[in-house]
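Written out below as structure tokens is the structure these notes cover.
The values are calculated or read from the model by the stated rules, or taken from the named source; none is laboratory data. In this text the structure is predicted, and so the values were computed from the model without any measurement. Cβ placement follows ideal geometry from the backbone for every residue including glycine, while neighbour counts extend to all protein chains displayed. To get the accessible areas, we keep the full protein, side chains included, count just its heavy atoms, and leave off ligands, DNA and RNA. Shrake-Rupley method; radii C 1.70, N 1.55, O 1.52, S 1.80 Å.
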There are 2 protein chains.
Amino acid sequence: MFSKSCKYAIRAVLYLAVHSDESSKIGVKEIADSLEVPKHFLAKILQQLAKHNLIASIKGPSGGFFLTETHINASLIQVVYSMDGPEMFSSCLLGLPVCSSDNPCPLHVQAFAYREGIIYQMKHQTIKELANRIEREELKL
Amino acid sequence: MFSKSCKYAIRAVLYLAVHSDESSKIGVKEIADSLEVPKHFLAKILQQLAKHNLIASIKGPSGGFFLTETHINASLIQVVYSMDGPEMFSSCLLGLPVCSSDNPCPLHVQAFAYREGIIYQMKHQTIKELANRIEREELKL
DNA sequence: ATATTAAAAGACTTATTTGTCTTTTAATGG
DNA sequence: CCATTAAAAGACAAATAAGTCTTTTAATAT
């Protein structure tokens, strides 16, 4: 479904949503250790997210990564798009070049219905809402 | 979602379901040309499917690949399992080692519903039923 | 039997993804 | 201003997926 980069990105953003803010930034090391993912690989992913303005970063002592109000009120779908591109959700399940309601592949109906569900959730739920649920239900990242 | 091998495999099996039977076998070349996929790559995939008894094959002149009654009454899920393995449907969307209803990742509820739908369809619909629909609705492969 | 046909098997190359390491740039505190 | 800290940038390396090519094996028809 998602590439590893994308999975790491989602988890990192949610981690930042729960643990960071303007006044308490977090370094790559802490995030990588907490999520148990390769540090340098995660660093590149965070750079990319920062470049796409999905997270904020500051260099130097007491620097690190964090989410602003704007970031935390966005939806996760942007993170997915920036890592795996928009085809993730729109491309045909069987890899056919043309596949739509007009011209459906044999699995189009099923794929469409169920993918719409995930897209809807990812689009209409803010990162903040997700973060709140993570804290409330003590979910693991 | 699926690897390319798996996509090619599904399409090839459906192609065989529509066009082949015990008395009219089909060669790799014809399938590869029809589906517009790399011939030698598809050959390896068909070999693997044959080894797993998901399709039948006969060597020599008038040989080729085909589906028996048994094959055509099976479900597509076996094809997916044989190409991409069972983790495809069971593993966590975020790649967490433990993720279940007891111990859900932040996207577990959404992901679960989505995937169960596709699994259900792939499990409870026979290849024959799919093939009939493909012919009836003139769907592309 | 033997020549022909087509799948099976296996070696190999290429591309992509994932992961590592080093150097550079920018912010901060002394 | 300068040492320190941490992200940014970029060069590599490893692992996996995708694709190609050649040789071997088995079935068939002449």
Subject >> Positions within the range B:1-41 being closer than 20 Å to A:M1 by Cβ, surrounded by 14 or more Cβ atoms within 10 Å (Cβ to Cβ) and near DNA strand D (Cβ under 9 Å from one of its atoms), in sequence order >> reply: B:F2, B:S3, B:S5, B:C6, B:K7, B:Y8
Subject >> Qualifying position, being over 30 Å from B:E129 (Cβ atoms) and in contact with a Leu (Cβ under 6 Å, 6 or more places away or on another chain), among A:L49, A:L107, A:L67, A:L76 >> reply: A:L67
Subject >> Residue check for A:L96: within 14 Å of chain B (Cβ to nearest Cβ), within 16 Å of DNA strand D (Cβ to nearest atom) and farther than 21 Å from A:K4 by Cβ >> reply: yes
Original post:
Among the residues of the range A:69-93, which ones are open to solvent by 20 Å² or more (accessible area, probe 1.4 Å), without any contact (Cβ under 8 Å) to a residue 24 or more places away in the chain and outside any helix (DSSP H, G or I)?
Top reply: A:P86, A:S91
**OP:** Determine which member of the set A:L46, A:L54, A:L14 is outside any loop (DSSP other than H, G, I, E, B), touching a Ser or Thr at 6+ places or on another chain (Cβ under 9 Å) and touching a residue at least 12 places away in the same chain (Cβ under 8 Å).
**Re:** A:L46
Original post:
Any residue in the range B:65-72 that is in contact with a Lys or Arg (Cβ under 8 Å, 6 or more places away or on another chain) and within 15 Å of DNA strand C (Cβ to nearest atom)?
Top reply: yes
Subject >> Residue check, B:G60 within 13 Å of chain A (Cβ to nearest Cβ), surrounded by fewer than 20 Cβ atoms within 10 Å (Cβ to Cβ), within 13 Å of DNA strand C (Cβ to nearest atom) and not in a helix (DSSP H, G or I) >> reply: no
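Quick grid of which residues meet (1) exposed (fewer than 13 other Cβ atoms within 10 Å of the Cβ); (2) assigned to a loop (DSSP other than H, G, I, E, B); (3) charged (D, E, K, R):
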residue	(1), (2), (3)
A:G95	no, yes, no
A:V98	yes, yes, no
A:P104	no, yes, no
A:R115	no, no, yes
A:K128	no, no, yes
A:A131	no, no, no
A:I134	no, no, no
Subject >> Every residue from the range A:1-48 that is within 10 Å of chain B (Cβ to nearest Cβ), among the aliphatic types (A, V, I, L, M) and over 16 Å from the mean Cα position of the chain (by Cα) >> reply: none
Subject >> Top-ranked residue of the range B:82-93 - restricted to ones that are hydroxyl-bearing (S, T, Y) and within 16 Å of DNA strand C (Cβ to nearest atom), ranked as nearest to the other protein chains (Cβ to nearest Cβ) >> reply: B:S91
Original post:
When you go through (1) more than 16 Å from DNA strand C (Cβ to nearest atom); (2) within 13 Å of chain A (Cβ to nearest Cβ) one by one for B:V79, which number turns out not to apply?
Top reply: (1)
